[in-house]
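Asker: Here it is, the structure, as structure tokens.
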Amino acid sequence: MKGPTEHPLDFLAFGAHPDDVEMGIGGLLIKMNKKGYRTGIVDLTRGEMGSYGTAETRFEEAEKASQILQVTLRENLDLGDTQLSLSRENILAVTKVIRKLRPSIILSPHVIDWHPDHSATGQLIQQAFFHVRLKKLDLEYPPHYPQNIFYYPCHKPVIPTFIIDISEEFTQKMKALHAYQSQISAGKKVKHSSHTIGISDYSFHVESRCRYFGSLIDVKYGEALLTERPLNVSDPLKL
Ligand SMILES: [Zn+2]
């Protein structure tokens, strides 16, 4: 068995595809980095089945975005775009990377989403959160006990448990998103009159969501998170 990572992460964000994390919680990661926390990203697939861009271009774009977000590390498990399932093999792959990186807080796409890869990622993380603690599960790295999982919404409307004010981080979040030029330029080519198809107007779509979530807490831009279990609060005045 390998020894524990010397520098555990404070926040580990999972995405099904490169750019999921940037869209959902890029502002939160920037904000946490400013506070001096260690953050990292693990993408479960390379996004090779996306309508625009290749796995290679999306990898390069993800590298660029990571530099703008200033995350400590980014890894890709390459479990197969549009092939994510709740298999034992996938659960153990996710469990292993959590044990390796030892995060306090895990961030994941919400388990309920229209995109099957997003909901599968949420379910895999949910399972891994259980498996990561099992003492008798031999996975190279010792058991780990993360504090909590917070889920970020992707496409499906949700009622957030709480919202992070990212007004000061919004410009940098959008800069990170613009690293994904294959997705942005594809959106510009799509000429559908009044509605967006998928990410056909990528920036407008993300900005609208951040403005909406911000409006719910009376700030300019926000990012939403959900918990499965009620939060343990000892001093409501500090909320
Ligand atoms: Zn995605």
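Asker: When the dipole is taken about the Cα centre of region 39-183, and only Lys, Arg (+1) and Asp, Glu (-1) are charged at their Cβ, what size is it in debye, to the nearest 20?
Answerer: Values: 15 positive and 17 negative charges, 123 e Å.
Result for region 39-183 is approximately 600 debye, rounded to the nearest 20.
Asker: If amide hydrogens are placed 1.01 Å from N in the peptide plane, which non-local residues have theirs closer than 5 Å to the one on ILE41?
Answerer: Amide H neighbours of ILE41, under 5 Å, 5+ apart: ALA13, LEU73, ARG74, GLU75.
Asker: Run the accessible area of region 11-231 with a 1.4 Å probe and give the carbon-and-sulfur part as a rounded percent. Spell out each step's value before the answer.
Answerer: Numbers: 5600 of 10410 Å².
Carbon-and-sulfur percentage of accessible area, whole number: 54.
Asker: If you plug each phi of region 209-225 into the Karplus form 6.51 cos²θ - 1.76 cosθ + 1.60 with θ = phi - 60°, what whole-Hz ³J(HN,Hα) values come out, in order, with x for Gly and Pro?
Answerer: Residue by residue, region 209-225 yields 5, 5, 5, 4, 5, x, 4, 6, 10, 6, 10, 6, 9, x, 10, 9, 9 Hz.
Asker: Here's a follow-up. Which order do the peptides 201-210, 228-237 take when ranked by the mean count of other beta-carbon atoms within 10 Å per residue, highest first?
Answerer: Details: 201-210: 17.7, 228-237: 7.5.
In descending order of packing, they fall as 201-210, 228-237.
Asker: Mind checking which aspartates and glutamates have their C-alpha under 14 Å from LYS220, skipping anything on the same chain fewer than 8 residues away?
Answerer: Those aspartates and glutamates meeting the cut-off are ASP165, GLU168, GLU169, GLU207.
Asker: On a straight-distance basis, which aspartates and glutamates could pair with LYS238 in a cross-link, Cα separation under 12 angstrom, same-chain partners fewer than 8 positions away excluded?
Answerer: Once the sequence-local aspartates and glutamates are set aside, nothing remains near LYS238.
Asker: Which aspartates and glutamates, on any chain, are close to LYS100 with Cα under 12 Å apart, when same-chain ones fewer than 8 places away are left out?
Answerer: Within reach: GLU6, GLU75, GLU140.
Asker: With every protein chain present, what is the per residue accessible area of region 11-231 (1.4 Å probe, Å²)? Don't skip to the answer; put the middle values down first.
Answerer: Numbers: 10410 Å² over 221 residues.
Counting only protein heavy atoms, the per-residue value for region 11-231 is 47 Å².
Asker: Divide the volume of the convex hull of the Cα atoms of region 11-231 by its number of residues and quote the answer in cubic angstrom per residue. Each step should come with its number before you reach the end.
Answerer: Numbers: hull volume 25.7 nm³, N = 221.
Dividing the Cα hull volume of region 11-231 by its residue count gives 116 Å³.
Asker: A further question on this structure: So if the hydrodynamic radius of region 1-126 is defined as the Kirkwood radius over C-alpha pairs, what does Stokes-Einstein give as its diffusion coefficient at 20 °C and 1.002 mPa s, in µm² per second? Please list the in-between numbers first.
Answerer: On the way: Rh = 14.6 Å.
The Stokes-Einstein estimate is 147 µm²/s.
Asker: Which percentage, to the nearest 5, of the DSSP beta bridges contained in the chain is antiparallel?
Answerer: Details: 6 of 23 bridges.
Percent antiparallel among DSSP bridges in the chain is about 25.
Asker: Using alpha carbons only, how many angstrom separate the centre of region 21-43 from the centre of region 101-149?
Answerer: One Cα centre to the other: 17 Å.
The values are calculated or read from the model by the stated rules, or taken from the named source; none is laboratory data. Quick caveat: nothing in here was measured; it's all calculated off a predicted structure. With ideal geometry, Cβ positions are generated from the backbone for all residues, glycine too; neighbour counts draw on all protein chains shown. Side chains are part of the model used for accessible areas, which takes the heavy atoms of the whole protein and leaves out ligands, DNA and RNA. Shrake-Rupley method; radii C 1.70, N 1.55, O 1.52, S 1.80 Å.
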